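Notes for the one structure printed next.
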Amino acid sequence: MARSTQRPVFLLYCEIPMSRIQSSFEQLARNGRKALIPFVTAGDPEPGMTVALMHALVEAGADVVELGVPFSDPMADGPVVQRASDRALLHGVGLDRVLAFVREFRAKNQNTPVVLMGYANPIEAMGVARYVEEARRAGVDGTLVVDYPPEECESFAGLVRSHGMDLIFLLAPTSSDARIAKVARLASGYLYYVSLKGVTGAGNLVLSEVGEKILRIRRATKLPVGVGFGIRDAATAKAVAAFADAVIIGSAIIQEMETAPAGEQLRAAARFLQGIRAALDAA
């Protein structure tokens, strides 16, 4: 019997598995729901509360948790988040400890995406390659580095994606169409639209302008678009959800904890977020 001369066919590529972030957004879209993404600073109000706070936010309706990496000069953050960073730094919370919080969170929660949001300095101090590897091992799903512009981080974006994580970018009201296109080419997971010209927690939203900008962003990408930096209450969150795929809220949560009595911070944060979740689900 003649031996077949047909050679076996080998696949020349490896399929990249869907990230937890992408999976979460697709599931939400199938169910007709909008993502709720709370931001809190790791180590605030004090380090022993961080992991419990992350779990409380998930139980209150969070779909993704953005965990802020404390930094001494958070240029994009308003006074509320600055105070949170200061408190965390006074407790000695740095990037290594933030990653430890994520590892502890993952011991009980393997499903909720976690995004680290912060600045270049702590990453550069740790070493970019080590940061990406340690973040992957800890269970981080995405990273947002405020002061890594797209022009300077193509290799970083590739490194992050090669480790199965997403790189999130900020877009602003002043972002041109060319800038949007450049960011959309590098980004994965979702895009974070900064709804105000200013720092976190400042000013009032002009909803018509937010809606117009999101339409422009959608022309450049199929990625989900989240809106943050000016959402203070359930009514604003519900209005923004008419345009966006996700509502991102941070300063208001931190303020709730700041004004809560000692021992009540986690419950205050959870109650506040439950109100936002209810408003989004009623939209």
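The values are calculated or read from the model by the stated rules, or taken from the named source; none is laboratory data. Since we're looking at a predicted model, the values are computed, not measured. Note: ideal-geometry Cβ built from the backbone for every residue, glycine included; neighbour counts use all protein chains shown. Side chains included, ligands, DNA and RNA excluded: accessible areas come from the protein's heavy atoms. Shrake-Rupley method; radii C 1.70, N 1.55, O 1.52, S 1.80 Å.
Taking Cα atoms only, the orientation of helix 20-30 departs from the longest principal axis of the chain by about 80 degrees.
Excluding same-chain neighbours fewer than eight residues apart, the lysines reachable from Lys222 by a Cα-Cα span under 18 Å are Lys34, Lys182, Lys213. Size estimate for the range 109-161 follows the Kirkwood approach: the inverse of mean 1/r over distinct Cα pairs works out to 11.6 Å.
Assuming a ≥ b ≥ c are the square roots of the Cα gyration tensor eigenvalues, decide whether the range 44-93 counts as rounded (a/c under 1.5), prolate (otherwise, with a/b larger than b/c) or oblate. Don't skip to the end; give the middle numbers.
Details: a/c = 2.69, a/b = 1.54, b/c = 1.75.
Since a/c reaches 1.5 but b/c is at least a/b, the shape of the range 44-93 is classed as oblate.
Toward the positive end of the charge dipole of the chain, with +1 on the Cβ of Lys and Arg and -1 on the Cβ of Asp and Glu, the farthest Cα among Val115, Ala29, Pro79 is that of Ala29.
In this label model, Ala262 and Ala178 are separated by 5.7 nm, measuring between points 7 Å along each Cα→Cβ vector. Local charge for Tyr190 was computed over the other residues whose Cβ lies under 10 Å away, with Lys and Arg +1 and Asp and Glu -1, and equals -2. Computed 3J(HN,Hα) for the range 247-254, one whole-Hz value per residue from the Karplus formula 6.51 cos²θ - 1.76 cosθ + 1.60 where θ = phi - 60°, is 10, 10, 9, x, 4, 5, 5, 4, glycine and proline marked x.
Answer rounded, prolate or oblate for the range 84-133, using the Cα gyration tensor with square roots of eigenvalues a ≥ b ≥ c: rounded when a/c is under 1.5, else prolate when a/b is larger than b/c, else oblate. Write out the running numbers ahead of the final one.
Values: a/c = 2.03, a/b = 1.24, b/c = 1.63.
Verdict is oblate for the range 84-133.
The residues of the chain present an accessible area of 48 Å² per residue when probed at 1.4 Å with all protein chains retained.
At a 1.4 Å probe, what is the % contribution of carbon and sulfur to the accessible area of the chain? Walk me through the numbers on the way to the answer.
Details: 7030 of 13470 Å².
For the chain, the apolar C and S fraction of the accessible surface comes to 52 percent.
Here the 3J(HN,Hα) profile of the range 50-60, calculated from phi with Karplus coefficients 6.51, -1.76 and 1.60 at θ = phi - 60°, is 4, 5, 4, 5, 4, 5, 5, 5, 5, 5, 7 Hz, Gly and Pro shown as x. To the nearest ten degrees, helix 128-138 and the longest principal axis of the Cα atoms of the chain are 80 degrees apart. The charge dipole of the chain, taken about the Cα centre with unit charges on the Cβ atoms of Lys, Arg (+1) and Asp, Glu (-1), comes to about 1040 debye, rounded to the nearest 20.
Using a Förster distance of 22 Å, how high is the FRET efficiency between Leu90 and Glu152, based on the Cβ-Cβ distance and rounded to 0.05?
Numbers: r = 31 Å, r/R0 = 1.43.
Taking R0 as 22 Å, the efficiency between Leu90 and Glu152 is 0.10.
Debye-formula intensities of the range 11-138, expressed as log10 I(q)/I(0) at q = 0.14 Å⁻¹, are -0.66 (one equal scatterer per alpha-carbon, no solvent).
From the P(r) of the chain, could you give the percentage of C-alpha pairs in the tail past 35 Å? In whole percent, the share of Cα-Cα pairs in the chain beyond 35 Å is 15.
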